[in-house]
Amino acid sequence: MTPMPFGPKAAVIEVQETALLAVRSIRGAFRRPFYFRDILIQMDHIGVGSLTIIMLTGFSTGAVLTLQSSAAMSRFGAVGLTGSLVSVVLVRELGPVLSALLVAGRAGSGMASELGSMQVTEQVNAMRALGTDPIKKLVVPRLFATVTMQPLLTIVADATGIVGGLAVAVGMLQISANLYLSSAWNGLNYYDVLGGLIKPIVFGAIIAVVSCRCGMRTEGGTQGIGRSTTQAVVVSSVLILVTDFFLTRLILLYTS
Amino acid sequence: MKASEDRSSDRTPASAAPLLELRRVSKYYGDSRVLNDVSFELYRGETKIILGGSGSGKSTMLKLMMGLERPDEGQVLIEGVDVTTASERDLNLLRPRIGMVFQESALFDSLSVFENVAYRLYERNMDEEEIEDRVERILGFVGLKEAINQMPSELSGGMKRRVSLARALAFQPKAMLYDEPTAGLDPITSRKINELIIRLRDTDDVSSVFVTHRLRDAFTLASQYAAEADGQVRFVREDGTFCIAHTRFVMLHEGGIIFEGPDEVLRKSTDPYIQKFIA
């Protein structure tokens, strides 16, 4: 049983345990038995299930971004470049980060509370008693599903964001659709897209590992489940934001 | 379930290694010592009833036997194999030889009764027809055939306990561990569960460890036996002519074993804690 994370020693142990879980689940992903059904269920839950909220967020973010940036651009007489600005900001930064934060809130909390209640009601122990490795059965499918779905969700967020921007540009700012779209297209280069797809893979891994770890270490009944769920969302969100800074720095270093 | 043979024969413990063994085991949670230098053996055909108050380390003992937790000192052996140092992977191969019924049933609540009982069989890639056949047979044994398609949330506490029993039996374990299987159940439902456990012991020859703090259940187990005649199972109270020799009591107190022996000796014990406990 792990103590609650107070003090430096507990923090170090927690980091170690989380890293260990990550290593074990990556190793477990390549060893039999494989739980394809569970992977599909999780992909459906995390990917398809998050689609609506991702599209909504993407659309409104793109729309707001267009409003704000066109106002700023008009000061320099460069309204025509609004599309570029929107697409670059979305693809590089807002798409990956916002969809990761949303998935952390939606799927990460779900993972932590589900695994947490399984832990508290001894279902995890029952699983072990029946000879199943809970890391393979519970953690690996969630990790795999999040890592594969997160980039796809990010692409959806980027695309709906650009469409949202288009709606505002055409409907409210009298920018022609042609100008907006060609500017958006020209603004992006290969590395923007590549960087924008590496980020969600890393974020997805963070969400799954942190949330599963929070769920698996739950103790103390219903209250404990609530605590784990909150922790999962807070810790993965903070980690996403911090990692984003360093990832951006790395990607810029290697691409410019 | 295989049919019973003459139950008086073949009841002596095999001289081979015990099915389960704890060797001078100690276990700590944080700074508090839950088990203190405990040694324990379970041989084939034996039933051991672990008695003790709350927090005496009963459940911890079961978890150690199952290899779900590792001891801080001492060794745990399953069929002579030391599990203290075994990897989680090897443990997963060993654990299914022993069935365990958890305190609160611990059924997988996202799976139906059928899927719960069939869980281990699917893991082993057994033939679909064979799985259905076996699950039906086992659910018939615990008397829950009609609940086969229900979800755990639709079941009563006693039914859940029986499904949990069925799930543990599905892979035909050599030993069963019961963690307070009757806790929180009414006397009639408890009686049903106890009868199933007695039947398993007497007609199917499953060794078992039964953890409880309810004396009534413990003495039921020690004083009754199942007799099968004309396909009917009857439960007979021991009448002095017949002694259920291989059901023994183990009394835990503050992390240590303070008594081990048959029920008549337990009743006559002069230890003040035991006297208070069985009074």
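Criterion applied to A:167, A:177, A:112, A:126 was being within 25 Å of the chain's Cα centre (by Cα) and aliphatic (A, V, I, L, M), and the one residue passing it is A:112. Return the residues of the stretch B:115-124 that are at the interface with another protein chain (Cβ under 7 Å from one of its Cβ atoms) and among the hydroxyl-bearing types (Ser, Thr, Tyr); say none if nothing qualifies. Scanning the stretch B:115-124 gives a single hit, B:119.
Got at least one residue in the stretch A:138-161 being closer than 11 Å to residue A:66 by Cβ and modelled with pLDDT of 95 or more? Checked the stretch A:138-161: at least one residue is closer than 11 Å to residue A:66 by Cβ and modelled with pLDDT of 95 or more.
Selection within the stretch B:149-162: residues that are in a helix (DSSP H, G or I), under 13 Å from residue B:192 (Cβ atoms) and of a type outside the set (Lys, Arg). The member of this set that is nearest to the other protein chains (Cβ to nearest Cβ) is B:157. Among the criteria (1) in a loop (DSSP other than H, G, I, E, B); (2) within 17 Å of the chain's Cα centre (by Cα); (3) modelled with pLDDT of 90 or more, the one residue B:104 does not fulfil is (3).
Residue-by-condition table, conditions (1) in contact with a Gly (Cβ under 6 Å, 6 or more places away or on another chain); (2) in contact (Cβ under 8 Å) with a residue 60 or more places away in the chain:
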residue: A:76; (1), (2): no, no
residue: A:80; (1), (2): no, yes
residue: A:103; (1), (2): no, yes
residue: A:110; (1), (2): no, yes
residue: A:129; (1), (2): no, no
residue: A:133; (1), (2): no, yes
residue: A:161; (1), (2): yes, yes
residue: A:181; (1), (2): no, yes
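Cβ separations smaller than 6 Å between residues 6+ apart or across chains give the following pairs from the stretch B:89-114 residues that are more than 8 Å from chain A (Cβ to nearest Cβ) and at positive phi to residues that are crowded, with 16+ Cβ neighbours inside 10 Å and of a type outside the set (Asp, Glu): B:105/B:160; B:105/B:161; B:105/B:164.
May I ask you to verify whether residue B:173 is part of a loop (DSSP other than H, G, I, E, B) and under 30 Å from residue B:32 (Cβ atoms)? In short, no. Among the conditions (1) within 11 Å of another protein chain (Cβ to nearest Cβ); (2) loosely packed, with under 15 Cβ neighbours inside 10 Å; (3) at pLDDT 90 or above, residue B:168 misses just one, which is (2).
Identification of helices (runs of 4 or more DSSP H) wholly contained in the stretch A:90-197 with 1 or more residues that are touching a Ser or Thr at 6+ places or on another chain (Cβ under 7 Å) and not acidic (Asp, Glu) yields A:95-103, A:109-120, A:140-171, A:177-187.
Collect the residues in the stretch B:59-82 that are touching a helix residue (DSSP H, G or I) at 6+ places or on another chain (Cβ under 9 Å), assigned to a loop (DSSP other than H, G, I, E, B) and either more than 12 Å from every other protein chain (Cβ to nearest Cβ) or surrounded by fewer than 17 Cβ atoms within 10 Å (Cβ to Cβ) (or both), keeping them in residue-number order. Selection gives B:70, B:71, B:79.
Close contacts from the stretch A:11-40, counting a first residue that is within 12 Å of chain B (Cβ to nearest Cβ) and touching a residue at least 12 places away in the same chain (Cβ under 8 Å) and a second that is in a helix (DSSP H, G or I) and charged (D, E, K, R), with Cβ to Cβ under 6 Å and a gap of 6+ residues or different chains, come to A:28/A:136; A:35/A:137. The sole residue among A:119, A:150, A:123 that is within 14 Å of chain B (Cβ to nearest Cβ), in contact (Cβ under 8 Å) with a residue 40 or more places away in the chain and among the polar types (S, T, N, Q) is A:119.
The values are calculated or read from the model by the stated rules, or taken from the named source; none is laboratory data. Quick caveat, the model's predicted, so the values are computed rather than measured. Every residue, glycine as well, gets a Cβ built from its backbone with ideal geometry; the counts of neighbours run over all protein chains shown.
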